[in-house]
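The values are calculated or read from the model by the stated rules, or taken from the named source; none is laboratory data. Everything numeric in this text was worked out from a predicted model, so none of it was measured. Every residue, glycine among them, receives a Cβ derived from its backbone with ideal geometry; neighbour counts consider all protein chains shown.
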Amino acid sequence: MWDLLPIYLKTFIFIALVIAASFTIKWGIKKKFSFLEKLVGIKLKEKTVNLISWAFFLWVFTLGLYLVNELHNPLPTLNPLINKLLIIFFIFSLVWFISQLIITLITQYLTQRFEVIPSVSIIELLIKIIIFFIGFILVLDILKINITPFITSLGIAGLAVGLALKDTLENLFSGLHILMAKQIKPGDYIMLDNNLEGFVEDISWRNTIIRQLSNNLIIVPNSKISSSVIVNYSLPEPELSILVGVGVSYDSDLNKVERVTIEVAKEVLNTVNGGVSEFEPFIRYHTFGDFSINFNVILRVKTYVDRYLVAHEFIKKLHQRYKEEGITIPFPIRTIYLQKTS
């Protein structure tokens, strides 16, 4: 009965079986990973599992079509061409899988390493270029195209492009240097030597993108970043000390001023979001001013941007407490003598 079926119907049945087998294997792989996670205790990201299952689906589907074409041979005249197309499709699916797997694993590693998901597009771009170039060379070899002249021409063209894109390549390698040095990464708060500051959003193949607190974006060429003097407020740790300047009257009891100020500082660090409650605040007198004795209050905050709220609340509470304690914060007074001339 099978032999009596039309050839197109046989082909349709075979392809339907291949599709069904591909989906079954895809489903089985997801279940297998779920079982391994429970058995071994290794937790894979859902994106990684989906990537692997879809890759196996494409490979099984391609292999099935290849076997249908070889064993059933529905189109004899196009058989060699179909086989080559299927092999090329398999190579590009393999290239796509390897590039996406490497990018996914790197992202997962960076997430565990830095507790955030950095967006570093330069790494993704380089991985895709290298792996897809290897796949392209394999396809040329399968098509029996001599790759020696191509590689020679590519070398000459690469030299010409390198000279034409000198600044672009400088930015590319500067970006790689920034990433490898690990002195700046997405999420860090930095200040450049021209006083521009903000959070590092991304390090791309050409630019480093910095987001200011005003939500504006600063786009800086990587070569400028590499040659700049930069303050990274996130290294070696995000916590940092801040100084708040205060002045009190010459009539003040300085021991009382110190005690009251430290009490207020402790209260602020314990109650305001962003304050480091374990830190012991202190003050340091430093100047006999024209109308006040000046000192700095040293506080500690969790991140650079927390300094604004902590200083804001500290100044309000200290002003109120000084009023209650009778401590005067003086303001400039000028005495003017007018001499009457005849």
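Assorted remarks:
- Single match in 223, 252, 241, 214 (criterion: of a type in the set (Ser, Thr, Tyr), surrounded by 12 or more Cβ atoms within 10 Å (Cβ to Cβ) and assigned to a loop (DSSP other than H, G, I, E, B)): 252
- Cβ separations smaller than 7 Å between residues 6+ apart or across chains give the following pairs from segment 218-234 residues that are in the same structural domain as residue 208 (by TED's automatic domain parsing) to residues that are of a type in the set (Val, Ile, Thr) and part of a helix (DSSP H, G or I): 222/178; 225/178; 226/178.
- Condition met for residue 119 (at pLDDT below 65, among the hydroxyl-bearing types (Ser, Thr, Tyr) and not assigned by TED's automatic domain parsing to the domain that holds residue 223): yes
To keep it simple, each residue is scored yes or no on (1) in contact with an Asp or Glu (Cβ under 6 Å, 6 or more places away or on another chain); (2) farther than 19 Å from residue 313 by Cβ; (3) surrounded by 13 or more Cβ atoms within 10 Å (Cβ to Cβ).
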| residue | (1), (2), (3) |
| --- | --- |
| 257 | no, yes, yes |
| 271 | no, no, no |
| 279 | no, no, yes |
| 282 | no, no, yes |
| 286 | no, yes, no |
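- When 262, 315 are checked against the criterion of being surrounded by fewer than 17 Cβ atoms within 10 Å (Cβ to Cβ), touching a Pro at 6+ places or on another chain (Cβ under 9 Å) and closer than 30 Å to residue 331 by Cα, a single residue qualifies: 262.
- Odd one out for residue 228 among (1) touching a Leu at 6+ places or on another chain (Cβ under 8 Å); (2) under 30 Å from residue 324 (Cα atoms); (3) among the small types (Gly, Ala, Ser): (2)
- Test for residue 295: is it touching a Lys or Arg at 6+ places or on another chain (Cβ under 9 Å) and over 30 Å from residue 126 (Cα atoms): yes
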